[in-house]
Amino acid sequence: MADATGEFGHLPVLLDRCFALLRPALTRHHPDGSGAVLIDATVGAGGHAERFLSELPGLRLIGIDRDPTALDIVRRRLSRFADRLTLVQTRYDGIDAALAESGYGAIESVDGILFDLGVSSMQLDRTERGFSYAQDAPLDMRMDPTSSLTAAEILNTYDESALTDILRRYGEEKLARRIASHIVRRRARSPFASTGELVEVIYQAVPAPARRTGGHPAKRTFQALRIAVNSELDALRDALPPALDALTVDGRIVVMAYQSLEDRIVKQAIAPLAADTTPPDLPVPIAERGPQLRLLARGEGPTPDEVAANSRAASVRLRAAERIKEPA
């Protein structure tokens, strides 16, 4: 999730495309968005939210983020929209609670939902958060600084089997066992305290030929640790069903994922609801078994211009759908 400009970070990813996809759902009551509600489930520094609130002066927006620093930035950045903006600190699997706190029901209560998954540019660029392998920093990686589990705890206390599983499952790291073994041997001398120490061990574990292909050798390990620290995939699996239930008929959802594990979860949540489940031996479709969603985008990537303007958008895959029938 790369968002915002100037002091707030980088350009919002696929901003025009997100706006174009969601706008029909948000303006069906009134051209200025009056009567419509948009959930920005990963509000970050508010880059996408600012566009929607600026161009649709009647729209109400609920911004969700687990990071209190992000919410402080959004509150300051979007203060001119305070009467139409509600901010809730929670993981995006807390959508039900966020809706209740904002005065809305859990079923068919919002017109649009936007997910911009992963780590934000704001978090990557703040060295002290420990998300980046490019700068030496404490081994933290918590999106919510008040949560207890850190990357350092995982590296220093999990056994070799558990570390291998994390690197393989969340980083799709082919050298997971080898890297985990090097981590365990290194921490026997002294506990890990910084990202630089971890990067050094990864360089030692990854053979030279492998270091010359596939990007930075620490990329997949850092991704895996960040996902494990923040339970990102579990949160996403738990967030999508209530998010889809919250959509009104003719409401739309847009999800941007930045790695295959996330994108697979999104596809698995949306695709079945876009299918007709009438038994194939029946001559006519059964209305009750018809699709609930209409697919609008199936894993779209960025344009060359988008990547040139913001390299962090290179891996994005966008999926979008419109609700065409009430939830079953």
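The values are calculated or read from the model by the stated rules, or taken from the named source; none is laboratory data. This one's a predicted model, so the numbers in the text were calculated from it and none came from an experiment. Please note: Cβ atoms are built from the backbone with ideal geometry, for glycine as well, and neighbour counts cover all protein chains shown. Ligands, DNA and RNA are excluded from the accessible area calculation, which covers all protein heavy atoms including side chains. Shrake-Rupley method; radii C 1.70, N 1.55, O 1.52, S 1.80 Å.
Overview of values
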| read-out | value |
| --- | --- |
| Verdict on Ala49 being in contact with a strand residue (DSSP E or B) (Cβ under 6 Å, 6 or more places away or on another chain) and among the small types (Gly, Ala, Ser) | yes |
| Residues satisfying the stated conditions in region 135-155, i.e. surrounded by fewer than 16 Cβ atoms within 10 Å (Cβ to Cβ), part of a loop (DSSP other than H, G, I, E, B) and either at pLDDT 95 or above or small (Gly, Ala, Ser) (or both) | Ser147, Ser148 |
| Scan of region 247-294 for residues that are farther than 30 Å from Arg168 by Cβ, at pLDDT 95 or above and touching a Gly at 6+ places or on another chain (Cβ under 9 Å), ordered by number | Leu247, Gly251, Arg252, Ile253, Val254 |
| Any chance Gly44 is in a loop (DSSP other than H, G, I, E, B) and buried (at least 24 other Cβ atoms within 10 Å of the Cβ) | yes |
| Flag for Thr69 being within 30 Å of Val307 (Cβ to Cβ), at pLDDT 95 or above and surrounded by fewer than 21 Cβ atoms within 10 Å (Cβ to Cβ) | no |
| Single residue of Ala193, Ala205 found to be at pLDDT below 95, farther than 16 Å from Ile113 by Cα and touching a strand residue (DSSP E or B) at 6+ places or on another chain (Cβ under 9 Å) | Ala193 |
| Test: residue in region 72-95 that is touching a Ser or Thr at 6+ places or on another chain (Cβ under 6 Å), of a type outside the set (Gly, Ala, Ser), farther than 26 Å from Arg312 by Cβ and surrounded by 17 or more Cβ atoms within 10 Å (Cβ to Cβ) | yes |
| Subset tally (residues that are modelled with pLDDT under 90 and either closer than 14 Å to Ala243 by Cα or part of a loop (DSSP other than H, G, I, E, B) (or both)) for region 109-123 | 3 |
| Region 46-67 residues that are in contact (Cβ under 8 Å) with a residue 40 or more places away in the chain, paired with ones that are basic (Lys, Arg) and surrounded by 24 or more Cβ atoms within 10 Å (Cβ to Cβ) (beta carbon under 8 Å, 6 or more apart) | Arg66/Arg91 |
| Tally, over region 244-262, of residues that are part of a helix (DSSP H, G or I) and surrounded by fewer than 24 Cβ atoms within 10 Å (Cβ to Cβ) | 5 |
| Gly103 free of Cβ contacts under 8 Å to residues at least 12 places away in the same chain, surrounded by fewer than 24 Cβ atoms within 10 Å (Cβ to Cβ) and under 18 Å from Gly251 (Cβ atoms) | yes |
| Qualifying residue in region 156-163 (condition: open to solvent by less than 50 Å² (accessible area, probe 1.4 Å) and either under 24 Å from the mean Cα position of the chain (by Cα) or of a type in the set (Lys, Arg) (or both)) | yes |
| Subset of region 201-221 [in contact (Cβ under 8 Å) with a residue 12 or more places away in the chain, within 29 Å of the chain's Cα centre (by Cα) and open to solvent by 50 Å² or more (accessible area, probe 1.4 Å)] | Tyr203, His216, Lys219, Arg220 |
| Which numbered condition Glu197 fails, given (1) surrounded by fewer than 16 Cβ atoms within 10 Å (Cβ to Cβ); (2) under 20 Å from Leu149 (Cα atoms) | (1) |
